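The values are calculated or read from the model by the stated rules, or taken from the named source; none is laboratory data. Just so we're clear, the structure is a prediction, and the values are computed from it rather than from any experiment. No Cβ is skipped: glycine too gets one built from the backbone with ideal geometry, and neighbour counts run over all protein chains shown.
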Amino acid sequence: MTPVKLACLDLAGTTIGDIAMVERAFAEAIATQGIVPGTSAYARAMVHVHRSRGCPKIEVFRGIFPGNEAQAQAANLTFERSYEGAIERTGLIPLPGTVEALDKLRSAGVKIALITGFSRSTLGRVLSTLPWADKLDLALCPQDAGRGRPYPDMVLTAGLRAGIEDVRHVAVAGDSENDMLCGSRAGASIVAGVLTGVHSRERMLSGGATHILDSIADFPTLILSSELSTQKVATSVW
C-alpha cells in the first residue's frame, strides 16, 4: 500500500446526514415541472434520483427531462433554492464521528478535500454553514473540475491542487456507487464505501469499492493502518 496524502470525502450521506433534505428538494423541484407524488412519472423520477446520487444535480435533472434543457435548468434552480432554504432553517448536522475523523486525518498529515455534486453556489452556502469547514484544505464541485461523478475529474483535480505526485497517494470515501466509480477511475489506492448514505454494500462494490465501512468514523483507521503496513514493509526491505 502507498501512504495516503490526500483524502477526498463526499458530503451528503458521508460526512453530513442530510439525505432527507436532499430528497425533499428533488421532490419539490420536479413537482414544479408537473411531476407530482402519487404518479408513475414521480416514481420513475425518484428511482432515477436514487440511482444518480453523487452525480451533478443538473445532470440528474437532464436525465429526468431528456431533451428539455429549459425544464432541467428550471428544476435545478428550484432544487438549489429548496435545499439552501432548508440549510438556513435547520443547519447541517455532521454524521457521528465526522469531526473526530477529520482531526485524526489532519493530525496524521493527510490533506482533506470535500467533493460534491452540488453547484458552486450551493457548495458555498454549505461551507458557510459547516462549523468544521476550517478543517478542509479543498472543497470542489463539478464546475471546478469540468465533469462531476462518476467521472474521475474531481478526484484528479483535488490531487493536482493538493500537489499530490501519485494518484495512489489518494483515498476516497463516499456513500454511493458513483462515488466509488469516481475514485476507482481516478486510480485512488483506497476507495471506501460508507453505509450511512443511499447505496447498498453491493452497489458500492459494483462501483469499485476497495473497502466497505460502517461510517466515516472508521476511515482514518483504515488509512493509518495502511500506512503502518507500508512502513513495516519498507523496514523489512531495508
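Values for this structure:
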{"quantity": "Residue that is surrounded by the most Cβ atoms within 10 Å (Cβ to Cβ), among those in region 205-220 that are in contact with a strand residue (DSSP E or B) (Cβ under 8 Å, 6 or more places away or on another chain) and small (Gly, Ala, Ser)", "calculated": "Ala209"}
{"quantity": "In region 17-59, the residues that are at positive phi and touching a residue at least 12 places away in the same chain (Cβ under 8 Å)", "calculated": "Gly54"}
{"quantity": "Count of region 128-170 residues which are part of a helix (DSSP H, G or I) and touching a residue at least 60 places away in the same chain (Cβ under 8 Å)", "calculated": "7"}
{"quantity": "Subset of region 60-76 [farther than 19 Å from Asp179 by Cβ and in contact (Cβ under 8 Å) with a residue 12 or more places away in the chain]", "calculated": "Phe61, Ile64, Phe65, Gln71, Ala72, Gln73, Ala74, Ala75, Asn76"}
{"quantity": "Residue ID - farthest from the chain's Cα centre (by Cα), chosen from residues in region 56-76 that are crowded, with 16+ Cβ neighbours inside 10 Å and of a type in the set (A, V, I, L, M)", "calculated": "Ala74"}
{"quantity": "Check on Val191, under 15 Å from the mean Cα position of the chain (by Cα), closer than 15 Å to Gly54 by Cβ and of a type outside the set (S, T, N, Q)", "calculated": "yes"}
{"quantity": "Test: Ala41 is of a type outside the set (S, T, N, Q) and over 20 Å from Leu195 (Cβ atoms)", "calculated": "yes"}
{"quantity": "Checking Pro3 against (1) in contact with a His (Cβ under 9 Å, 6 or more places away or on another chain); (2) in a helix (DSSP H, G or I), the condition it does not meet", "calculated": "(2)"}
{"quantity": "Unique match (being in contact with a Gly (Cβ under 9 Å, 6 or more places away or on another chain), assigned by TED's automatic domain parsing to the domain that holds Val99 and modelled with pLDDT under 95) among Gly146, Gly174, Gly197, Gly208", "calculated": "Gly197"}
{"quantity": "Residue within region 225-238 that is polar (S, T, N, Q) and at pLDDT 95 or above present", "calculated": "no"}
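Per-residue answers, yes or no, for (1) at pLDDT 95 or above; (2) in contact with a helix residue (DSSP H, G or I) (Cβ under 8 Å, 6 or more places away or on another chain); (3) among the small types (Gly, Ala, Ser); (4) not assigned by TED's automatic domain parsing to the domain that holds Gly197:
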residue	(1), (2), (3), (4)
Arg44	yes, no, no, yes
His48	yes, yes, no, yes
Ala75	yes, yes, yes, yes
Arg81	yes, no, no, yes
